[in-house]
Amino acid sequence: KVKIMEQVALVTLLMSLQCIYFSLKVGQARGKYGVKAPATSGNELFERVNRIHLNTLELVVVTLPAMWVFGYYLNWSSAALLGVVFIVGRFIYAAGYLQAPEKRSRGMLIGFLATLALILGGLWGVISALFV
């Protein structure tokens with residue numbers, strides 16, 4: 001049986017692995033498209049790979065603490081599930097963005113809504129605890 005809080009810990013580590021994976025893809029794209037560090041522009045396909053990584057990092061900074069707060073104050077399993085939805089959304093975002101920038105919206109929305117649910121739920125839990 002999986003312990004409840006450990007579900008969120010596992011999802012946290014999966015998010016970390018996803019960030020590392022996207023980072024490695026940036027390194028591969030640098031070589032493939034000839035974009036030498038510290039440049040971050042010069043080839044549109046490289047720029048897409050780079051934006052996938054950077055945008056994911058920008059959102060993970062918000063999603064991770066929200067997931068832990070949500071779990072602590074409301075429900076660990078639901079927090080972990082929303083974290084998995086975020087991860088899946090990021091992979092959908094990446095696949096769409098690599099095809100064409102306008103195809104990134106579905107994945108972005110999935111990840112954003114999961115993050116928003118974690119933030120609002122966590123906020124509700126904290127405020128409720130303050131007034132109990």
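The values are calculated or read from the model by the stated rules, or taken from the named source; none is laboratory data. What you are looking at is a predicted structure, and each value in this text was computed from that prediction instead of being measured. Neighbour counts are summed over all protein chains in view; Cβ atoms, including those assigned to glycine, are modelled from backbone coordinates with ideal geometry. All accessible areas refer to the heavy atoms of the entire protein, side chains included, with ligands and DNA or RNA removed. Shrake-Rupley method; radii C 1.70, N 1.55, O 1.52, S 1.80 Å.
Does Lys103 satisfy the condition of being over 20 Å from Gln7 (Cα atoms) and in contact (Cβ under 8 Å) with a residue 12 or more places away in the chain?
Here the answer is no, as Lys103 does not meet what is asked.
Being loosely packed, with under 14 Cβ neighbours inside 10 Å and within 19 Å of Tyr93 (Cα to Cα) is the filter here; which residues of the stretch 29-53 pass it?
Across the stretch 29-53, the qualifying residues are Glu44, Leu45.
Does Glu6 satisfy being surrounded by fewer than 16 Cβ atoms within 10 Å (Cβ to Cβ) and under 16 Å from Tyr93 (Cβ atoms)?
No; evaluated as a whole, the condition is false for this residue.
What are the residue pairs meeting all of these: first residue in the stretch 109-132, first residue closer than 10 Å to Leu82 by Cβ and open to solvent by less than 80 Å² (accessible area, probe 1.4 Å), second residue at pLDDT 95 or above and not in a helix (DSSP H, G or I), Cβ atoms under 6 Å, and 6 or more apart or on different chains?
Correct list of pairs: Gly121/Leu74.
Considering only the stretch 54-83, state which residues are open to solvent by less than 60 Å² (accessible area, probe 1.4 Å) and over 16 Å from Trp124 (Cβ atoms).
Asn55, Thr56, Leu59, Val60, Thr63, Leu64, Ser77, Ala80, Gly83
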